[in-house]
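Okay, so here's the structure we're looking at.
The values are calculated or read from the model by the stated rules, or taken from the named source; none is laboratory data. In this text, all values refer to a predicted model and were calculated from it rather than measured experimentally. Here Cβ is always computed from backbone atoms with ideal geometry, including for glycine, and neighbour counts include all displayed protein chains. Heavy atoms of the whole protein, side chains included, go into the accessibility calculation; ligands, DNA and RNA do not. Shrake-Rupley method; radii C 1.70, N 1.55, O 1.52, S 1.80 Å.
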Amino acid sequence: MNVPEPRISAYQRWLADTRDLQFTRYEDLWHWSVTELDAFWRSIWDYFDIESPTPPDAALAERRMPGARWFPGTQLNYARQVLRHTDAAHAAGHPAIVWTDEPGLVAGALHTLPWPTLRQQVGALAAALKRLGVQRGDRVVALLPNRPETVIAFLAAASIGAVWSVCSPDMGPVAVLDRFRQIEPTLIFAADGYRFGGQAHDRRALVAQLLDGLPTLKHVVDVAVLGGAPEAPPPHVARHDFAALIQGAEQVEPEWLPFDHPLWIVYSSGTTGLPKPIVHGHGGIVLEALKGGTLHNNLGASVETGDRFFWYSSTGWIMWNCQVGGLLGGTTVGLYDGSPASCDGTADWSPLWRFAAMSRCTFFGAGAAFYAGCLKAGVQPQALGDLSALRAVGSTGSPLADDSYRWIWQQLPQVDGRDIWIACISGGTDFAGAFVAGLPTLPLVAGEMQCRCLGAAVEAWSEPDASGRGRPLVDEVGELVCTAPMPSMPLYLWGDASGQRLHDSYFDMYPGIWRHGDWIRLTPHEQATGAVIYGRSDATINRHGVRMGTAELYRAVEALPEVLDSLVVDLEYLGQDSYMPLFVVLREGVALDDALKKRLVAEIRQALSPRHVPNEIFAVPAIPRTLSGKKMELPVKKLLQGADPAKVMNRDAMANAAAVDWFVDFAARRRAALAAG
């Protein structure tokens with residue numbers, strides 16, 4: 001196999017040639033990138049030749065968190081950066097997108113979307129949006145699966161300066177409305193359904209609920225996936241057909257927009273209240289995606305490297321945004337719409353490997369839980385197709401277990417006589433990027449991410465002292481913090497005019513320092529500092545890579561008349577599999593029998609998504625609460641992870657101290673069961 005030069009090596013050579021900067025170790029390069037922020041981010045702008053009619057005077061005009069000001073006066077557009085690759089990539093025979101779905105996989109049909117077709121359809125749809133009255137700053141939302149139509153709709157919205165937001169169609173009405181109601185959309189792209197695990201799921205009833213529940217909507221654009229006739233919309237909503245709109249003769253070019261113009265709204269759920277609607281800007285996302293995709297994931301423009309980038313994701317996960325971001329660098333991206341485990345009802349964990357072989361992808365990415373599933377199912381990927389094009393495997397969402405590293409190395413082809421490179425990353429929806437990741441030029445240690453990302457001033461900190469500062473830790477588990485701003489950090493949270501919710505979400509524990517909410521241990525090595533992620537340090541759920549809020553689940557569960565109170569925790573920690581128990585307080589005389597458990601599961605699955613379904617459900621006498629009435633999620637989580645009850649449960653600060661006793665006993669029984677195997 002002809003393996004291209006690592007992208008990080010090309011960047012370092014460019015730094016030497018244009019900046020007279022040379023670094024012997026990656027750690028030295030990283031240190032420069034987080035101490036000389038203006039110089040580093042300006043180098044990213046120049047290296048990727050970002051186009052702007054007004055060149056930058058400075059990269060970082062105001063250094064503060066929150067509220068840093070990046071590249072003032074410059075203009076760009078995410079869609080323009082994507083479509084600039086059209087002519088060169090097409091001339092070299094590289095498509096923009098290769099894709100299939102479950103029926104296509106069964107039939108052995110790989111579909112391609114050429115770059116000129118992408119440009120034409122994005123331009124036509126953007127023109128149609130403008131004719132429908134969508135203006136710069138209007139919110140355009142979507143209930144769509146992982147298909148080219150979703151990419152086209154996103155790029156068209158971005159082209160005219162509308163603000164994009166998408167939910168996966170497997171989500172329930174409560175979860176979708178909790179998100180979209182906050183941002184008051186003007187137009188929605190809506191699929192009639194989706195296929196998953198060999199089953200067709202009709203979502204026309206859900207679409208009708210959304211049209212009724214979103215009073216600001218003026219237009220719905222139907223996207224036919226299953227082919228069902230759409231239901232009549234309410235009087236205030238006009239109906240349009242996606243297939244007709246993308247064929248329009250009129251086309252518009254992407255508009256020049258300010259660097260910090262809102263690009264999209266993504267959602268990161270907390271432990272209280274509605275999901276946080278996080279606003280990211282065009283400029284910050286373009287820079288972060290190019291830096292992470294090219295320099296860390298080692299993706300080159302397909303005309304230079306032949307790369308094809310595939311990262312399995314639903315549209316409700318930030319990895320969908322990462323996957324689409326491959327287009328920013330001119331890389332062909334692969335999309336698979338369907339279940340990772342089955343496309344015909346038989347759970348054999350083969351679909352993604354079959355798609356990888358069919359699409360000739362060079363980079364294959366998935367959540368860590370996928371690899372664990374393959375290992376347990378005894379999957380042999382190379383028996384499913386020709387995987388000789390593969391050069392890298394990516395993993396994120398939760399820590400990749402050592403067994404999964406060994407399985408990947410044993411089961412996937414070597415590259416240039418060496419074990420395939422495993423690029424583990426960890427970051428978040430919150431800034432649409434990675435804090436720690438991989439690098440093909442560094443040694444790889446199973447269980448660790450290879451390095452801190454360029455431009456990401458990541459440290460592990462102790463609990464804050466009286467002044468609010470933490471103590472930096474090395475080779476000890478601490479809070480993951482970022483001590484310097486990054487361009488892709490949130491512009492703001494939608495509707496948070498005072499900025500208080502943004503502050504409370506990320507800067508409350510350590511003033512002026514981003515606290516991410518993960519446990520991290522930094523591991524020093526000769527060339528770079530590696531990292532191990534141990535799961536969430538707060539009570540937010542990280543379910544197979546998708547971050548979810550407990551508040552959403554409580555609203556669904558406690559809507560049942562039998563349930564008086566509830567509490568849920570995710571015990572993913574220290575590389576363990578995700579285990580999420582749900583505890584419920586029931587009305588007097590009500591028993592937690594199989595029928596009620598099934599109703600609870602059905603309610604959660606229907607209102608939220610299958611990912612929210614707990615592993616087990618337990619009836620408890622009471623939910624521990626603070627004196628102010630807050631559910632004590634984090635203390636219960638720490639207790640079930642083995643902490644001393646006296647250290648994590650301050651009974652004097654509780655409204656119902658006796659409620660702790662059941663959980664202390666449950667934790668002891670669980671530890672004993674785990675110890676017994």
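When the Cα positions of 350, 314, 290 are compared along the charge dipole of the stretch 263-359, 290 comes out farthest toward the positive end, with charges on each C-beta of Lys, Arg, Asp and Glu. Using only the C-alpha atoms, the convex hull of the stretch 219-336 corresponds to 203 Å³ per residue. Cross-link partners of residue 638 among aspartates and glutamates, defined as those whose alpha carbon lies under 17 angstrom from its own and excluding same-chain residues fewer than eight positions apart: 463, 479, 518, 538, 570, 572, 577, 661, 665.
Pairs over the 29 Å Cα-Cα cut-off, from the set 376/637; 218/630; 276/630; 597/647; 218/597: 218/630; 597/647; 218/597.
Probe of 1.4 angstrom, ligands and nucleic acids ignored: what's the accessible area per residue over the stretch 437-483, in square angstrom?
On the way: 1780 Å² over 47 residues.
Solvent-accessible surface per residue comes out at 38 Å².
By its C-alpha gyration tensor, with a ≥ b ≥ c as the square roots of the eigenvalues, how is the stretch 449-557 shaped: rounded for a/c under 1.5, else prolate for a/b larger than b/c, else oblate?
Prolate.
Report the gain in length on full extension from residue 10 to residue 665: 0.36 nm times residue separation, minus Cα-Cα distance, nm rounded to one decimal. Write out the running numbers ahead of the final one.
Details: separation 655, 0.36 × 655 = 235.80 nm, distance 5.76 nm.
Taking residue 10 through residue 665 to full extension adds about 230.0 nm, to one decimal.
Mind putting a number on the dipole of the chain about its Cα centre? Charges go on the C-beta only, +1 for Lys and Arg and -1 for Asp and Glu, and I need it in Debye to the nearest 20. Could you put the intermediate results ahead of the total?
On the way: 58 positive and 72 negative charges, 115 e Å.
Dipole magnitude for the chain comes out near 560 debye.
The Cα atoms of the chain cover 71, 64, 56 Å along the three principal axes, with the biggest extent listed first. Near residue 451: Cβ cut-off under 11 Å, other residues only, Lys/Arg at +1 and Asp/Glu at -1. The net charge is 0. Remark: the stretch 90-225 carries a charge dipole of roughly 440 debye about the Cα centre, counting +1 on each Lys and Arg Cβ and -1 on each Asp and Glu Cβ.
Quick check on the chain: helices-only [θ] at 222 nm, where DSSP H runs of length 4 and up contribute -39,500 (n - 2.57) each and the sum goes over total residues. Nearest 500, please. List each step's numbers first, then the result.
Values: 23 runs with 213 residues, N = 677.
That calculation yields -9000 deg cm²/dmol at 222 nm.
Per-peptide packing, taken as the mean over residues of other Cβ atoms within 10 Å, places 15-25, 47-57 in the sequence 47-57, 15-25 from highest down. A protection proxy built from the mean count of other Cβ atoms within 10 Å ranks the segments 503-513, 215-225, 467-477, most packed first, as 215-225, 503-513, 467-477. Post the alpha-carbon centroid distance, the stretch 305-362 to the stretch 503-531, in whole angstrom. So the two Cα centres are separated by 30 Å. Which one of 436, 405, 470 is farthest out on the positive end of the charge dipole of the stretch 402-476, using unit charges on Cβ (Lys, Arg +1; Asp, Glu -1) and the Cα centre as origin? Of the listed residues, the answer is 436.
If I require 20 Å or longer along the helix axis, counting alpha carbons, and a Kyte-Doolittle average no lower than -1.0, what helices from the chain are left? Use full DSSP H segments. Display every interim value, and only then the final one.
Details: long enough: 115-131 (24 Å, -0.04); 660-675 (23 Å, 0.34).
Correct list, ordered by number: 115-131, 660-675.
Rounded, prolate or oblate: which fits the stretch 126-195, taking a ≥ b ≥ c as square roots of the Cα gyration tensor eigenvalues, rounded meaning a/c under 1.5, else prolate when a/b beats b/c? Oblate shape, in that a/c is at least 1.5 and b/c is the bigger or equal ratio.
Provide the gained length on full extension for the span residue 36 to residue 2, in nm with one decimal, where the gain is 0.36 nm per separating residue minus the Cα-Cα distance. Walk me through the numbers on the way to the answer.
Details: separation 34, 0.36 × 34 = 12.24 nm, distance 3.57 nm.
Extra length available between residue 36 and residue 2 comes to 8.7 nm.
Peptides 308-317, 655-664, 640-649 ranked from most to least packed, by the mean per-residue count of other Cβ atoms within 10 Å: 308-317, 655-664, 640-649.
Considering the dipole of the stretch 1-142 built from charges on the beta carbon (Lys and Arg +1, Asp and Glu -1) around the Cα centre, which of 6, 106, 129 is farthest to its positive end? With unit charges placed on the Cβ atoms, the residue in question is 129.
Need the C-alpha centroid separation for the stretch 246-268 versus the stretch 153-196, integer Å. If you average the Cα positions of each part, the centres end up 15 Å apart. Near residue 516, once Lys and Arg are set to +1 and Asp and Glu to -1 for all other residues with Cβ below 9 Å from its Cβ, the sum equals -2. According to the square roots a ≥ b ≥ c of the eigenvalues of the Cα gyration tensor, what is the shape class of the stretch 1-156, taking rounded for a/c under 1.5, prolate for a/b larger than b/c otherwise, and oblate for the remainder? Verdict is oblate for the stretch 1-156.
Placing unit charges on C-beta atoms (Lys and Arg positive, Asp and Glu negative, everything else neutral), compute the dipole magnitude of the stretch 178-334 about its Cα centre in debye, rounded to 20.
Values: 10 positive and 15 negative charges, 87 e Å.
Here the size comes out at about 420 debye.
Leaving ligands, DNA and RNA out of it, report the carbon-plus-sulfur percent of the accessible area of the chain at a 1.4 Å probe. Carbon and sulfur atoms account for 49 percent of the accessible area of the chain. Counted over the chain, the DSSP beta bridges are approximately 55% antiparallel. Between residue 462 and residue 57, the contour length at 0.36 nm per residue exceeds the alpha carbon distance by 142.0 nm.
All other residues whose Cβ lies under 14 angstrom from that of residue 139 are scored, Lys and Arg at +1 and Asp and Glu at -1, for a net of +2.
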